[in-house]
1. Would you say Pro115 is modelled with pLDDT of 95 or more, over 26 Å from Ala301 (Cα atoms) and under 22 Å from the mean Cα position of the chain (by Cα)?
2. Looking at segment 346-400, which of the residues that are closer than 20 Å to Ala185 by Cα and among the hydroxyl-bearing types (Ser, Thr, Tyr) is surrounded by the most Cβ atoms within 10 Å (Cβ to Cβ)?
3. Pairs, please: C-beta under 8 Å, at least 6 apart or cross-chain, first residue free of Cβ contacts under 8 Å to residues at least 24 places away in the same chain and in segment 117-132, second exposed (fewer than 13 other Cβ atoms within 10 Å of the Cβ) and in a loop (DSSP other than H, G, I, E, B)?
4. Hey, any hits in segment 73-87 for a residue that's under 16 Å from Val175 (Cβ atoms), aromatic (Phe, Trp, Tyr) and either in contact (Cβ under 8 Å) with a residue 24 or more places away in the chain or surrounded by 19 or more Cβ atoms within 10 Å (Cβ to Cβ) (or both)?
5. Hey, any hits in segment 177-191 for a residue that's closer than 24 Å to Ala25 by Cα, touching a His at 6+ places or on another chain (Cβ under 9 Å) and surrounded by fewer than 24 Cβ atoms within 10 Å (Cβ to Cβ)?
6. Among the numbered conditions (1) at pLDDT 95 or above; (2) within 30 Å of His124 (Cβ to Cβ), tell me where Pro373 comes up short.
7. Quick check on my filter: what residues within segment 254-265 are under 22 Å from the mean Cα position of the chain (by Cα) and either part of a helix (DSSP H, G or I) or farther than 22 Å from Ala341 by Cβ (or both)?
8. Can you pull out every residue in segment 404-427 that is crowded, with 24+ Cβ neighbours inside 10 Å and among the polar types (S, T, N, Q)?
Amino acid sequence: MSGESVSTEPSELESAIVAAVDDDAILSDLRALVAIPSVDGTTAEAEVQRWCAQRLSERGCSVDTWDIDLGELRTDQDFPGMEVDRRTAVGCVGVFGDATQQPALALYGHTDVVPPGDLAAWPHGDPFTLHVDDGIAWGRGACDMKGGVAAILGALDAVRRSGGELRRPVAVHCVSAEEDGGVGAFATLRRGHTADVCVSTEPTDGHIIPANAGSLTFRLEVPGRATHGSTRTRGVSAVEKFELVHRALRELERKRNVGAPELFAHLDLPWPLSIGIVQAGDWASTVPDRLVAEGRYGVRADESIPEAITAFESAVAETCAADGWLADHPVAVSWPGGRFAPGAMPEGHHLLDDVRRAVTDVRAREPRALGGPYGSDLRHYSAAGIPTVQYGPGSVRFAHASDEHIKLVDLFACARVYAVLITRLCT
């Protein structure tokens, strides 16, 4: 099946499954998911995974739930890294149909969320209480990406209640720890859960994403020499030396974003480089002798992580070599946290057209195929030889934001798209 496309002729089963999608049940599941504050590194990460296992079992799936051995995974040479102190993680895969066969399709969703930030900035109060108003659902994780998980559950429930028999099984991969490296997906694949193809339900704003850029977290430690602020010329300000490095990184960003591939040409910055944290000094009237900056570095779709690291470190080294102080006291560069390699579906694979036709049939408009400037678990599935695309409700513009939300019309439509895909790929 992996080399062939599927027919899109309407069928009674397809119509029955689409008609069986229960919007109220999807919204109820989303409400329950958002209410579990599954911030990375908290015990709620495991709680939400066990909630998914229960829901999948209720929908007739054979469910594999396991405690992930993080210590063992850390010894793997391809371990993707973590950015939070995580003592436990839970894997969860449900298979609907004959669990002795390889699934024809895997539907993927991650259940962890980033911290809510300033609670006062949320327009509707508690970010972990879903607020529905005028066709929009607000809450942490509603967009990224518990909406996608709820839509998967809705599609699966429609397939179950429609009574159609699957020739090949469909799998549901619920993973945690996506936001800080993807160890949940990494562990799921290492456990042997696979499929012919995979659709990730990350928010895509109505488009299909067959390729992602990568991203890395970097840390810069800039040395200075402390002195009293009234005699600052005796010292060397780490802040001023960081300004040199920052300018060099801005130039690096400009050069790296010239000539992006067609899939990424719609983006103003396909591979952004941004500073997220800057810490310097310990006294207002002292020239700071150390600055630490951390940020995000976009990895091009056409390069490896080692190549991206070399380009970054070379730019910093050249800046240091050209400055009298930094030549003798160079900036230290390190790479903490998760490593998101770029990933892409094999060119010409039928899955892109399968998803495009399903979306067009359900939503009466043909989606564009675009590249995503962010890292995701797509790369893990692609690296495991599973052709994968992203198509899901919501827009990445509202992911991680204090106004995170999702349009219900998109949520419910995506559930129907997944139901159609299950019908066409598995029956």
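The values are calculated or read from the model by the stated rules, or taken from the named source; none is laboratory data. Quick caveat, the model's predicted, so the values are computed rather than measured. No Cβ is skipped: glycine too gets one built from the backbone with ideal geometry, and neighbour counts run over all protein chains shown.
1. Yes.
2. For segment 346-400, the residue satisfying everything is Thr388.
3. Within 8 Å, the pairs are His131/Gly125.
4. yes
5. no
6. Condition (1) is where Pro373 drops out.
7. Residues satisfying the conditions are Glu262, Leu263, Phe264.
8. Thr423 - this is the single residue of segment 404-427 that is crowded, with 24+ Cβ neighbours inside 10 Å and among the polar types (S, T, N, Q).
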